[in-house]
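Student: Below is the structure I would like to discuss, written out as structure tokens.
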Amino acid sequence: MSEILDFLYVSSYKMARNHKFIKEKNIKYIISCGKFDDPWKKEGVKYKKINLLDNLSENISSHFIYCYEFIEKARRQKARVLVHCLKGMSRSTTIVISYVMAHLKMPYEDALKYVQSKHKMTCPNENFRKQLKAYDWSEYLQDDQEETKEEIYQEDVFTKKKILKL
């Protein structure tokens, strides 16, 4: 498990199942990126499952906003969040990179390097990298831009259609 921000962690599925470690780190929110069971039902951990495959056709960006809001809810409550996938390399790190881009208003390349510096196994697949590049908030968040962050979050990066808040 790697700490990306003081409230945000990324790991493999194996580490996410380690009850002792989760309790030691005081993780209260978990995003599971894959088809995994929920071992936390009776532990008081808020658990969100996103059924994602690590392949070249999966639309992971359709989950960016939902995950951002889930992580933000935890951050506002001063809670810690773990994002995991099977190996902690592609799906989970893609979600974490998308959060870092939006939260820190960081361009894709900088966010990727930042997350890689904290979690050496970070390696989003090529499809996910393309979606992160399309999601690059830096072009939207210029000082002279009138749109707000909230308005931008309502636009799907692929279809350019407005989407509903979750």
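No lab work stands behind these numbers, since they all come straight from the coordinates. No experiment lies behind these values; they were computed from the predicted model shown. All Cβ positions, glycine included, derive from the backbone under ideal geometry; neighbour counts span all protein chains shown.
Student: Just flag the trypsin sites (Lys or Arg not before Pro) in region 1-42 sitting in loop per DSSP whose Cβ has no more than 13 other Cβ atoms within 10 Å.
Tutor: Passing sites in region 1-42 are 35, 41, 42.
Student: Say the cut-off is 21 Å between C-alpha atoms; which of 35/130; 28/120; 78/120; 105/130 go over it?
Tutor: Cα-Cα > 21 Å for 35/130; 28/120; 78/120; rest within.
Student: While we're on this one: Across all directions of projection, what mean area in square nanometres is found for the Cα convex hull of region 2-153?
Tutor: 8.6 nm²
Student: Return 21, 64, 7 ranked ascending by Cβ neighbour count within 10 Å, so the fewest neighbours appear first.
Tutor: So the ranking, lowest neighbour count to highest, is 21, 7, 64.
Student: When only alpha-carbon atoms count, how far does region 68-142 stretch along each of its three principal axes, as whole angstroms with the largest first?
Tutor: Each principal axis gives a Cα extent; for region 68-142 these are 35, 33, 20 Å.
Student: Ordered by residue, what ³J(HN,Hα) values in Hz, to whole numbers, does region 119-132 give under the Karplus form 6.51 cos²θ - 1.76 cosθ + 1.60, where θ = phi - 60° and Gly and Pro are x?
Tutor: 9, 4, 7, 4, 7, x, 5, 4, 4, 5, 4, 4, 5, 5
Student: Then there is this: Ranking 136, 110 by Cβ neighbours within 10 Å, fewest first, what do you get?
Tutor: Least crowded to most crowded, the residues run 110, 136.
Student: Between residue 105 and residue 126, what length in nm is gained on full extension when 0.36 nm per residue of separation is reduced by their alpha carbon distance?
Tutor: 5.3 nm
Student: Can I ask one more? With a cap of 15 neighbouring Cβ atoms within 10 Å, and only residues DSSP puts in a loop, list the trypsin sites (Lys or Arg not before Pro) found in region 99-131.
Tutor: Answer in residue order: 105, 120.
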